[in-house]
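Have a look at the structure below, then the notes.
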Amino acid sequence: MFNSLGEKILILRKEAGLTQAQMAEKIGISRPSLVKIENSQRAISLEEGDAISKVLDISLDSLLADENGNSEEKSFTKAFKAKGMADANLAEIAKFELLFDALITQEQIYRG
């Protein structure tokens, strides 16, 4: 369904009826930064991911779900959830995964 996290944010923002300027203000970044995120030219931070999910009124897990809608298919969160970890701790694991994904994205951007 979505080719990237940026595309997902773009579509969900439009579905929420928000302009780029409105969304950027709500999450505390500049509009040009949001444009880069939506174009997959910039990774998001943990704080930005959390803020974006709140503005879009979805869980962080839903925001990070892959393009086929299979949330956590290849994730630490899924593994810990299967072992019975508490939801509060799962949210922290999801944040670390977001950080890791952001680092990988940044590396890919820098390498071209």
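With the checklist (1) at pLDDT below 80; (2) among the hydrophobic types (A, V, I, L, M, F, W, C); (3) in a loop (DSSP other than H, G, I, E, B) in hand, flag the one item residue 58 doesn't pass.
Failing condition for residue 58: (1).
Please specify each residue of segment 1-51 satisfying the condition of being hydrophobic (A, V, I, L, M, F, W, C) and farther than 21 Å from residue 100 by Cβ.
Selection gives 1, 10, 11, 12, 16, 18, 21, 23, 24, 34, 35.
Contact list please: Cβ distance under 8 Å, first residue in segment 81-95 and over 18 Å from residue 47 (Cβ atoms), second residue in a loop (DSSP other than H, G, I, E, B) and at pLDDT below 80, pairs at least six apart or on different chains.
Final answer for the pair search is 81/72.
Quick check: anything in segment 15-33 touching a residue at least 12 places away in the same chain (Cβ under 8 Å) and touching a Ser or Thr at 6+ places or on another chain (Cβ under 8 Å)?
Among the residues of segment 15-33, not one is touching a residue at least 12 places away in the same chain (Cβ under 8 Å) and touching a Ser or Thr at 6+ places or on another chain (Cβ under 8 Å), which makes the answer no.
In segment 69-112, which residue that is outside any loop (DSSP other than H, G, I, E, B), at pLDDT below 80 and basic (Lys, Arg) is surrounded by the most Cβ atoms within 10 Å (Cβ to Cβ)?
81
Go through 26, 36 for me and flag whichever is under 15 Å from the mean Cα position of the chain (by Cα), at pLDDT 80 or above and assigned to a helix (DSSP H, G or I).
36
Okay, residues lined up against (1) among the small types (Gly, Ala, Ser); (2) closer than 20 Å to residue 107 by Cβ:
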residue	(1), (2)
5	no, yes
8	no, no
21	yes, no
31	no, no
42	no, yes
45	yes, yes
53	yes, no
56	no, no
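Does segment 31-44 contain at least one residue that is within 17 Å of residue 91 (Cα to Cα) and surrounded by 15 or more Cβ atoms within 10 Å (Cβ to Cβ)?
yes
The values are calculated or read from the model by the stated rules, or taken from the named source; none is laboratory data. Keep in mind the model is a prediction, meaning the values are calculated, not measured. Here Cβ is always computed from backbone atoms with ideal geometry, including for glycine, and neighbour counts include all displayed protein chains.
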